[in-house]
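The values are calculated or read from the model by the stated rules, or taken from the named source; none is laboratory data. Here the structure is a predicted model, which means the values were calculated and not measured. For neighbour counting, all protein chains shown are included, and Cβ atoms are generated from backbone atoms with ideal geometry for every residue, glycine included.
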Amino acid sequence: LSPRNEEIATSLASRHPDVRIASDNQAVLDDCDTVMLAVRPQIAHEVLSELRFRPDHRLISLIATLSLDDIRALTAPAGHLTKALPMPMIAHRLGATIIYPSDPGAAALFGRLGKVIEVDNSREFDALSVATATYASYFKYLETIHT
């Protein structure tokens, strides 16, 4: 696990005995074949451009606003890239994750958390991304009126 956010990393490591916090982001890459890219879009270029990816890395990007081409440019020579958009309800194994392009490994990973929706092109992925963008605000609203 990346040490980038110490508080979150420590919390995850304390709750899950198999989670290890690496010394830095490059150490994560060096020890993994499959890497989940989960940084805010505003800092993605800065964070990813500092890393050395291998051709055999399998990347799953959760970076919402960067296209596959943008991510490929930042992660070359990594050989395999999939975008994923997990819905908040997967925390309770009730939601879905949208992935593009289809990828058996990513589908198996996210399938353990709920339904997987594999779309055929980036336009479909982007359309579903926009449709789900209001979820966080909606859930915050429900929390506010509930309390």
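Out of 90, 71, 98, which single residue is of a type outside the set (Phe, Trp, Tyr) and touching a helix residue (DSSP H, G or I) at 6+ places or on another chain (Cβ under 7 Å)?
Details: 90 fails: touching a helix residue (DSSP H, G or I) at 6+ places or on another chain (Cβ under 7 Å); 71 fails: touching a helix residue (DSSP H, G or I) at 6+ places or on another chain (Cβ under 7 Å).
Every option except 98 fails the conditions.
Could you list all residues from region 18-47 that are part of a loop (DSSP other than H, G, I, E, B) and within 12 Å of the chain's Cα centre (by Cα)?
Keep residues of region 18-47 that are part of a loop (DSSP other than H, G, I, E, B), which gives 18-24, 32-33, 38-40.
Of everything in region 18-47, those that are part of a loop (DSSP other than H, G, I, E, B) and within 12 Å of the chain's Cα centre (by Cα) turn out to be 38, 39, 40.
Given the structure, is residue 84 of a type in the set (Gly, Ala, Ser), under 14 Å from the mean Cα position of the chain (by Cα), surrounded by 15 or more Cβ atoms within 10 Å (Cβ to Cβ) and modelled with pLDDT of 95 or more?
On the way: of a type in the set (Gly, Ala, Ser): yes; under 14 Å from the mean Cα position of the chain (by Cα): yes; surrounded by 15 or more Cβ atoms within 10 Å (Cβ to Cβ): yes; modelled with pLDDT of 95 or more: yes.
Answer is yes for this residue.
Please specify each residue of region 22-46 satisfying the condition of being under 28 Å from residue 123 (Cα atoms) and either crowded, with 17+ Cβ neighbours inside 10 Å or touching a Cys at 6+ places or on another chain (Cβ under 6 Å) (or both).
35, 37, 39, 44, listed by residue number.
Using the structure shown, decide if residue 56 is more than 22 Å from residue 125 (Cα to Cα), loosely packed, with under 14 Cβ neighbours inside 10 Å, at pLDDT 95 or above and not hydrophobic (A, V, I, L, M, F, W, C). Steps first, answer last, please.
Working: more than 22 Å from residue 125 (Cα to Cα): yes; loosely packed, with under 14 Cβ neighbours inside 10 Å: yes; at pLDDT 95 or above: yes; not hydrophobic (A, V, I, L, M, F, W, C): yes.
Yes, satisfied.
In region 48-103, which residues are under 13 Å from residue 117 (Cβ atoms), hydrophobic (A, V, I, L, M, F, W, C) and not in a helix (DSSP H, G or I)?
Of everything in region 48-103, those that are under 13 Å from residue 117 (Cβ atoms), hydrophobic (A, V, I, L, M, F, W, C) and not in a helix (DSSP H, G or I) turn out to be 84, 85, 87, 96, 98, 99.
List every residue pair whose Cβ atoms lie under 7 Å apart, where the two residues are 6 or more positions apart in sequence or sit on different chains, the first residue falls within region 2-13 and is more than 19 Å from residue 51 (Cβ to Cβ), and the second residue, located anywhere, is among the β-branched types (Val, Ile, Thr) and not in a helix (DSSP H, G or I).
12/19; 13/19; 13/21
Going through 136, 108 one at a time, which residue ends up being surrounded by 10 or more Cβ atoms within 10 Å (Cβ to Cβ), over 14 Å from the mean Cα position of the chain (by Cα), modelled with pLDDT of 95 or more and not in a loop (DSSP other than H, G, I, E, B)?
Numbers: 136 fails: modelled with pLDDT of 95 or more.
After applying the criteria, what remains is 108.
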